[in-house]
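Please read the structure below before turning to the comments.
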Amino acid sequence: MSTITVLALILLLLMIAVGGKQGWSSFVSLMLNFCYFFLGLVLAAWHFSPLVITVILGILILATTIFMGTDDLQVSVSAFEASIIVMIIVIIMTLVAEHFVQATGFSNENSSELEGMSILIGISYVQIGMMTMILSCSGSIAEASIAIVSGIVETFRHDKHISSRQLMLSGMQIGKHIMGTTLNTLLFGFLGNLLALFIWFAGLNYSFGTIMNNKILVTELVTVLISFIGVILTVPLSTELILWNQRKIVDNEHKTNYDTNDK
């Protein structure tokens, strides 16, 4: 039994022990998302449009993560709507960023591994770079939207007389806490992922300008910055959407009660 299999089994057991049925659903959604990602790689290798693949996979990943992450339909629908809007904004920002940055393809550090191999494989490295950036943002966006919407829904259910303004303030307060932890998670993930590269830069006495123009570093940095922006945008959008959906539910309940009383 390989180390990866053992770690996956430990993860599964812990998720079931802590989360029960919901933990099992989250593990299944994790496996499904991995399958989606592998499918995207295969389709990109078959020369399907990476941008089209990214949009389809992004929707699938968000839907799987959100709808299998909670049993509350009201929470999942609002979180999914907010995530889709943010993903569209992220796609637009990625298109603009890639146009100006042009940090796709392989860098000088990859030259030894690619020596003697042809990189002319008929695939747009610009679109592959955009595919990587967009899919890297989807998890943090889904996580932030679920947390904010869940908090607002629970607040409303405990106090149904609370005003929309108070719910808005509550949602923004939850968002501030989520924003801080999520941004730190993304930042340290970025630093940890490139730690060996930073040590290499220092050992080879790279200048600051050379480091900041390195393709690997720039690609990762742009991805993290776009993820930051996506998470920040998720906070007000998720709050506004759940309040709008909540008002519709309350209005429908009032209308139903009014019609019942008339009869």
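The values are calculated or read from the model by the stated rules, or taken from the named source; none is laboratory data. Just so you know, these numbers come straight off a predicted model, no measurement behind them. We place every Cβ from the backbone using ideal geometry, glycine too, and count neighbours over all the protein chains shown. Each accessible area value is taken on the protein alone, full model and side chains, heavy atoms only, with ligands, DNA and RNA left out. Shrake-Rupley method; radii C 1.70, N 1.55, O 1.52, S 1.80 Å.
The number of residues in segment 182-199 that are in contact (Cβ under 8 Å) with a residue 24 or more places away in the chain and either more than 17 Å from I141 (Cα to Cα) or in contact with a Gly (Cβ under 9 Å, 6 or more places away or on another chain) (or both) comes to 3. Every condition in (1) more than 26 Å from I146 (Cα to Cα); (2) within 20 Å of the chain's Cα centre (by Cα); (3) not hydroxyl-bearing (S, T, Y) is met by I91 except one, and the failing one is (1). Restricting the first member to segment 146-159 and to residues that are open to solvent by 30 Å² or more (accessible area, probe 1.4 Å), and the second to residues that are modelled with pLDDT of 85 or more and assigned to a helix (DSSP H, G or I), the beta-carbon pairs closer than 7 Å and six or more apart or on different chains are I146/I66; I146/A79. Here L237, L197 are screened, and the one residue that is at pLDDT below 80 and either among the aliphatic types (A, V, I, L, M) or within 15 Å of the chain's Cα centre (by Cα) (or both) is L197.
Of all residues in segment 3-38, which are of a type in the set (A, V, I, L, M) and within 18 Å of the chain's Cα centre (by Cα)? Can you show your working first?
Applying the first criterion (of a type in the set (A, V, I, L, M)) to segment 3-38 yields 4, 6-18, 28, 30-32.
Passing the criteria: V28, L30, M31, L32.
I'm checking my understanding of the structure. Among residues of segment 77-90 that are open to solvent by 20 Å² or more (accessible area, probe 1.4 Å), of a type in the set (A, V, I, L, M, F, W, C) and over 22 Å from C35 (Cα atoms), which one is modelled with the lowest pLDDT?
V77
Name the residue, out of F37, F48, that is part of a loop (DSSP other than H, G, I, E, B) and out of contact with any Lys or Arg (no Cβ under 8 Å at 6 or more places or on another chain).
Working: F37 fails: part of a loop (DSSP other than H, G, I, E, B).
Answer to the check: F48.
Would you point out the residue of segment 52-76, among those that are open to solvent by 50 Å² or more (accessible area, probe 1.4 Å) and in a helix (DSSP H, G or I), that is modelled with the lowest pLDDT?
From segment 52-76, those open to solvent by 50 Å² or more (accessible area, probe 1.4 Å) are 52, 55-56, 59-60, 67-68, 71, 73; that's our starting set.
From the residues that got through so far, the ones that are in a helix (DSSP H, G or I) too are 52, 55-56, 59-60, 67, 73.
On the way: V52: 87, V55: 88, I56: 89, I59: 90, L60: 90, F67: 86, L73: 79.
Checked segment 52-76; the qualifying residue modelled with the lowest pLDDT is L73.
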